[in-house]
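The values are calculated or read from the model by the stated rules, or taken from the named source; none is laboratory data. The structure presented is a predicted model; accordingly, all values stated were derived computationally and were not measured. Note: ideal-geometry Cβ built from the backbone for every residue, glycine included; neighbour counts use all protein chains shown. SASA here: full protein model, heavy atoms, side chains in, ligands and nucleic acids out. Shrake-Rupley method; radii C 1.70, N 1.55, O 1.52, S 1.80 Å.
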Amino acid sequence: MPWRLLWLLSAAAGCCCWGPAAAKTLRGGFASAAARREPWRPVARFQFHGDHAVLCVRIKNIAVAVAKAARLHLFQAQEWQKLENSAQDHSCTEKFSKAQLTMTVNHTEQNLTVSQIPYPETWYVFYVDKFTCEENYSESEDIHFEMVLLNPDAEGNPLDHFSAGESGLHEFFFLLVLAYFITACIYAQSLWQTIRKRGPMHGVLKVLTIALLLQAGSAFANYLHFSSYSRDGIGAPFMGSLAEWCDIVSQIQMLYLLLSLCMGWTIGRMRKSHGRPLQWDSSPASTGIAVVVVVTQSFLLIWEQFEDTDHHSYHSHRGLASGLLIGLRVCLALSLAAGLYQIITVERSTLKREFYITFAKACILWFLCHPCLATIAVIFREYQREKIITMGVILCQCISMVVLYRLFLSHSLYWEVSSLSSVTLPLTVSSGHKNRHHF
């Protein structure tokens, strides 16, 4: 496999991760021209919850805001969608008059309390002034502002920058990083010694370890981002981008590892007689298939970054690219399961059959966890979906990696497979009686 191509694709995907993140502390200027041009585009969206959520606005040039009769209109997402899809043709003024909450911007600093929310839901914030719905317009100064969106904390005080859909993620990534740290303290030394021995599983363990380190790096970067976010509502956008890039590279690494192993075994089984052991010839067919699938997934991951710029690795079904990614993962799981099933049904050795069955379970868990969780999340409310998908996928993929590590480090399975590893594993190639490991 041309590893340079893998890293080139990873770098391309990473470049698309660097972008503005969705913050809950917003700074900028309310422009009348922009409001007239796109009156239906919200300046902010937030998932409020509880009885004491607050929208706080600070204005620097209050005289301009008063002269423009500036206002902020808040709509519940469901009500706004009903208004947008209504058969009745509402005028601009009529639409904004139906807002659930309205704030007249006439003070340097003022708060609007959002209360009596039966369950967490998304609210849209629109900026409107006297020029927004009028034909006559004259150039005017922008209104410089700072907007802070807050939910009540555990004590009921409006100090929580996290929306309802993000609550709990900070604690989750802290526990995940702690689990990675404890695991590293226990197993890192023995794993490093095993890799240094350059045994028959050296190539597989090396790629698997790189993918695991990238997953751990993603979790740590997410934790740093959310830690900063909990204090100022902005976070560390670079860390959010870095976390997503690490996850993308890890996904690409794991995809090639699992696909190349399975394709090597499958093609070897088809080409060789059943009396001979499975053999990997580094054939153009298996390498080509792996490259095509990896490039396809990389393209969809890059496309997904343009569709949704929020910093989260699992975008569920927010756009066409996300839907195609889910479809690709389902197809990969079914294809690998079918190929491994053919191997398992003709394998006579119980130990090797157990090896392939366990490997198939790890593959299916890795590829199907995201599609399954995205499907299950549909029955939950909107604010619960991202947390279910994010936490569920990360935990499932961690379990899949643990299964693969146990599989390739298990002494009983290791010695059975290692006798054929030089011709079985696509990441290793034999030459006479000596093994040469390629990575």
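For this structure, a couple of remarks:
- Whether the range 178-219 is rounded, prolate or oblate, judged on the alpha carbon gyration tensor where a/c under 1.5 counts as rounded: oblate
- Net length gained if the chain between residue 45 and residue 213 were fully extended (0.36 nm per residue, minus Cα distance): 57.0 nm
- Taken along the Cα-to-beta-carbon direction at a fixed 7 Å, the label points for residue 63 and residue 292 span 6.9 nm.
- The range 51-190 shape via C-alpha gyration tensor axes, a/c threshold 1.5: prolate
- Here the Karplus curve 6.51 cos²θ - 1.76 cosθ + 1.60, taken at θ = phi - 60°, turns the phi angles of the range 358-375 into couplings of 5, 4, 4, 4, 5, 4, 4, 4, 5, 7, 8, 4, 5, x, 5, 5, 5, 5 Hz, with x standing for Gly and Pro.
- Each residue, residue 134 and residue 171, gets one label point 7 Å from its Cα in the Cβ direction; the gap between the two is 5.0 nm.
- Ranked order, 36, 329, 231 - accessible area, probe 1.4 Å, largest first: 231, 36, 329
- Each residue of the range 119-134 is assigned a 3J(HN,Hα), and the resulting list reads 8, x, 8, 7, 10, 9, 10, 10, 9, 9, 9, 5, 9, 4, 10, 9 Hz, derived from the Karplus form 6.51 cos²θ - 1.76 cosθ + 1.60 (θ = phi - 60°), x at Gly and Pro.
- Pairwise FRET efficiency - residue 342 versus residue 52, Cβ, R0 = 51 Å, nearest 0.05: 0.25
- Shape call, the range 201-256: gyration tensor on alpha carbons, a/c limit 1.5: prolate
- Per residue, in Å², the accessible surface of the range 112-201 once ligands and nucleic acids are set aside, probe 1.4 Å: 56
- Annotation: amide H-H contacts under 5 Å for residue 235 (H modelled 1.01 Å from N, sequence separation of 5 or more, or interchain): 229.
- Calculated FRET value between residue 331 and residue 178, using beta carbons and R₀ = 45 Å, to 0.05: 0.80
- Pairs from 24/206; 60/130; 206/387; 130/387 whose Cα-Cα separation, in the structure shown, is over 29 Å: 24/206; 206/387; 130/387
- The range 220-232 - phi-based ³J(HN,Hα) in whole Hz, Karplus 6.51/-1.76/1.60, Gly and Pro as x: 5, 5, 4, 4, 4, 4, 5, 4, 5, 4, 5, 8, 10
- In this simple spin-label approximation, residue 234 and residue 353 carry label points 7 Å from Cα along the Cα→Cβ vector, and these lie 6.3 nm apart.
- Dipole magnitude (debye, nearest 20) for the range 117-170, charges at Cβ of Lys, Arg, Asp, Glu: 220
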